[in-house]
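The values are calculated or read from the model by the stated rules, or taken from the named source; none is laboratory data. The model shown is predicted, which means the values in this text are computed figures rather than measured ones. Note: accessible area is taken over every heavy atom of the protein model, side chains too, but ligands, DNA and RNA are not part of it. Shrake-Rupley method; radii C 1.70, N 1.55, O 1.52, S 1.80 Å.
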Amino acid sequence: MSNIRVAVIGAGIGGLTFCVALGKQSNIKVDIYEAAREFGEVGAGIAMWYRTQQIMKKLGLHDDLEALAGGAEKDAAELAFHFRKGDQPEGLSFYDMNSKGGLWTFHRASFQKAIISHLPPTCTSHFGKRLVSYDDPASGPITLHFKDGTTAECDVLVGADGIKSTVRAIMYSNLAKEGKVTQEEASEPNPVWSGTVAYRGLISKERLEAKIPGHRALTRDVLYWGKNKHLIIFPINNTQINVVAFCSEPSKEGTQYSEDSRDWVADVPKDELLQQYEGWEPEVMALLECVDKPSRWAINVVRPRSKYASGHVAILGDSAHAMTPHLGSGAGQAIEDAYILTALLASPKCTPASLSRVLQIYDEVRRPKATNVWHMSRKNGSMYEFAGPVCEEFGQHDHNFSNEALKKLGEVAAENHAWTWNTSAEEDREHAVSMLSEL
C-alpha cells in the first residue's frame with residue numbers, strides 16, 4: 001500500500017472530521033493547516049440529525065457527542081421541532097415534526113473540542129498558516145505557499161477552508177485556464193448573500209422561566225414561522241437556550257451583503273432585534289428580551305458548483321457548498337464529504353497513480369447530493385417565512401394562512417427533512433467504493 005501525504009487547509013468541522021476519519025490509515029500522513037493561532041470556532045449552536053449521528057458512530061465519536069447532547073439516541077420517533085405561527089398577537093401551533101433519533105444540539109465550541117480530542121497521531125496540526133497559492137504540476141507533488149513565506153508539499157490537497165475558500169478560488173481559476181469550466185463560473189462572485197441575516201444569542205433557562213413560567217422553549221425545540229422572518233429555538237446544554245432569529249429581504253438574494261467580510265458579523269443593540277419582531281406574540285418577544293448581547297450574522301452561501309475536485313485537489317464542507325441553515329444540515333454535509341472522501345482514500349485501490357480518479361469519484365458521488373440539500377434548505381427557509389412557490393401552490397399570497405394550509409406546509413417541511421433520519425450515508429459510501437473497482 002503506497003504512502004500518501006494529505007494536506008488539509010482549515011480546521012473547522014469538516015477539516016477536523018476528515019482528519020479523524022483518516023486516523024486509522026497508517027499509510028496516510030495528514031497535515032492540517034489553520035490560519036488562526038489555535039483551534040477555535042465561531043457561532044453558538046449546532047444541530048445533528050440521525051443520519052449524521054450514525055456516521056459519528058462509525059468514526060468513534062458517537063459516545064462523546066451523545067454525552068454532549070444530553071441523552072442517548074432514540075430509534076423511535078420523538079419530537080424534533082414544534083412548529084408555531086408567531087407573527088401575530090396570539091400565536092398558533094400547527095404541527096409537530098417527529099424524527100427518528102431526535103435532534104442532537106451542541107454548543108459549537110464543545111462539539112469541536114470533542115473532535116479535536118480524537119485527532120490521530122498521524123495528523124500534525126500547524127497554526128498561523130494562511131494559504132495564498134499552490135502549484136499543482138501534472139507530475140510531482142503539490143507545493144503549498146503560505147502568507148508567512150513558508151512552503152509545504154503534499155500528494156493530495158483538501159480545501160476545508162470555509163465559505164471564502166482560497167483553495168476553491170485557485171482551483172476554479174486553474175480549471176478555467178484549462179477550459180474545463182467557463183470563465184463566468186470561475187469569476188462569478190462567491191460567496192453571495194442569501195438575503196437573510198440571523199440574530200444570534202444565548203439565554204438562560206432560569207431567566208426565561210422567571211419571565212414566563214412554563215415557556216414552551218424550556219422543554220422543546222420550537223420553530224416560529226412568520227412573514228419574512230422566523231426563529232429557531234433549542235437548548236444547547238442544561239442551562240442555556242440557543243436563539244436564532246432570521247430576517248429576510250428576498251429581493252436581495254444573490255447580492256453582496258458587504259465586500260468586507262468583517263461586516264458579516266456584528267454586535268448590535270437589543271433594540272434592533274426587538275424592533276425587527278415588533279407585533280409578534282408575547283412568548284416570542286419574551287425570548288428576545290432575554291437576549292442581552294445579540295449579534296447579527298449575514299447568511300452567505302456558495303452558489304452550487306460544477307466540480308468539487310480537479311487533479312489531486314478537492315474541496316469539502318462550506319468551501320464546496322456553503323448553504324442556508326434551514327435544514328440544520330450544513331455541518332452534516334461537511335461530515336458526509338469527509339466520510340466519503342476518507343473511504344476512497346483508504347481503499348487499497350487508491351495509489352499515487354489513481355488519485356485523480358479517486359477524487360473524481362468523490363465529486364461524482366457527493367456533489368449531486370450536497371447540491372440537492374442546498375436547494376431543499378433554501379426551499380424550507382422560504383416556507384418558514386411564507387414565501388416562494390410552495391406557499392403559492394396552496395393559493396396563499398400573504399401570511400394569513402388557514403389552519404389547513406399551515407398543516408400542509410408543516411407536512412412539506414417535515415418531508416424535506418425526512419431523509420436526515422430515514423436514509424443512511426452507507427449507501428453512498430458503498431457506491432463510491434464500488435466505483436473504484438474499475439481501477
Solvent-accessible area, 1.4 Å probe, carbon plus sulfur percent, for the chain: 47
Computed helical MRE - 222 nm, the chain, DSSP H runs ≥ 4 contributing -39500 (n - 2.57), nearest 500: -10500 deg cm²/dmol
Across Lys227/Lys252; Lys379/Lys408; Lys369/Lys407; Lys24/Lys307; Lys211/Lys407, pairs whose alpha-carbon gap is larger than 19 Å: Lys369/Lys407; Lys24/Lys307; Lys211/Lys407
With DNA, RNA and ligands ignored, accessible area of Ile232 (1.4 Å probe; Å², nearest 10): 20
Pairs of alpha carbons in the stretch 192-301 whose separation is greater than 26 Å (percent): 19
Kirkwood Rh in Å, taken over the chain so that all alpha-carbon pairs contribute: 22.6
Heavy-atom surface of the stretch 192-301, accessible at 1.4 Å and reported per residue (Å²): 44
Rounded accessible area per residue of the stretch 121-163, 1.4 Å, Å²: 47
Hull shadow area, averaged, the stretch 131-255 [alpha-carbon convex hull, nm²]: 12.5
